[in-house]
Amino acid sequence: MRTGPLIGKNNDLEANMDWGLKNRLSRIIKPDTGRTVMLAVDHGYFLGPTSGLEKPRKTIEPLLPYADSLMLTRGVLRTSVPPEADIPIVLRVSGGTSILSELSNEGITTSIEEAVRLNVAAVALSIFIGAPHEKETLLSLSRLVNEAEECGIAVLAVTAVGKDMVRDARYLSLACRIAAELGAHFVKTYYCDGFEEVAGTCPVPVVIAGGKKTPEKEALDLAWNAVKHGARGVDMGRNIFQSEAPVAMIQAVRAVVHERKAAAEAYDLFLKEKRKKGNKTEAH
């Protein structure tokens, strides 16, 4: 089964990368497993104080020891993440719209110089294939890759899915391939039936979005199916920080992604860790 390129190994993906870019990307996608557990807490840039992120610092701090990277905005990074935390940052640099408007009408909100000042490992923006502002988001991705590569910073393209888009292999393969063709170093997308096609036709690593909150067992099934069929890991948010036991949940996700445990075994771990004192965060 094709599982996509490994970061930290000799391969075609890394052949044209400078040392700094390789180093930053290998901090996110761990070389020993070729996988990653990213924690997405950037939802507020268009949703505002969504449930579980009303006070970002209280949500983030207990989860830091278990996340391979944090995906968030510069505002939350500055106010809610201790600067001494040794965790790679994937900085959300697109926005300009809210849930009340046309989400595809995004632009780049944060300069690459700002990303350098913040010492980030990667920058992220959304692309909206098939949406009214598809062209603008794809050109933004292209410009971001040009600027980020000059500084040795990786670019994550997020394949945003609007209400009119079908999350099937045909659409997601199209979106992921376009992102890779324009220079994204890795891509965040959704799991779907036939996901092997999505991962197999995207020449850069693919990570899976967790999506809306689902029961913990279902979220672990999602993570297990995704990595089984070619994903390099997950970029999960609400299915972790909106869990009734977020620390237990992120540990269970790590068991699936890095330890290759089956979803049922990871769910048993979740229940065990949930029973331990102090596993709930103050996010709720």
| note | Residue set ALA148, ALA154; condition in contact (Cβ under 8 Å) with a residue 60 or more places away in the chain, of a type in the set (Gly, Ala, Ser), under 24 Å from SER69 (Cβ atoms) and touching a strand residue (DSSP E or B) at 6+ places or on another chain (Cβ under 7 Å); output residue ALA154
| task | Any residue in the stretch 110-129 that's over 12 Å from CYS151 (Cα atoms) and hydrophobic (A, V, I, L, M, F, W, C): show its pairings with residues that are modelled with pLDDT under 95 and assigned to a loop (DSSP other than H, G, I, E, B) at Cβ separation under 7 Å, as long as the two are six or more apart or on different chains. | result | ILE127/ALA160; PHE128/SER104; PHE128/ALA160; PHE128/GLY162
| remark: Flagged in the stretch 183-199 as touching a residue at least 40 places away in the same chain (Cβ under 8 Å) and crowded, with 18+ Cβ neighbours inside 10 Å, in numbering order, are ALA184, HIS185, PHE186, LYS188, TYR191, ALA199
| query | How about the stretch 210-267: which helices (runs of 4 or more DSSP H) wholly inside it have at least 1 residues that are under 18 Å from LEU53 (Cβ atoms) and over 16 Å from the mean Cα position of the chain (by Cα)? | reply | 246-257
| query | For the stretch 44-153, list the strands (runs of 3 or more DSSP E) that sit wholly inside it and hold at least 1 residues that are among the charged types (D, E, K, R); which are they? | reply | 89-92
| message | Restricting to the stretch 138-166, give me the number of residues that are at pLDDT below 95 and either under 10 Å from ILE127 (Cα atoms) or touching a Gly at 6+ places or on another chain (Cβ under 6 Å) (or both). | response | 3
| said: As an exercise: evaluate THR79 against (1) more than 20 Å from THR50 (Cβ to Cβ); (2) surrounded by fewer than 13 Cβ atoms within 10 Å (Cβ to Cβ); (3) over 19 Å from the mean Cα position of the chain (by Cα) and give the number of the one condition it does not meet. | reply: (1)
| task | Scan the stretch 86-104 for residues that are under 17 Å from THR36 (Cβ atoms) and either among the acidic types (Asp, Glu) or exposed (fewer than 13 other Cβ atoms within 10 Å of the Cβ) (or both) and report the count. | result | 1
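The values are calculated or read from the model by the stated rules, or taken from the named source; none is laboratory data. None of these values were measured; they are calculated from a predicted model. Don't worry about glycine lacking a Cβ; one is built from the backbone with ideal geometry, like all the others, and counts go over all protein chains shown.
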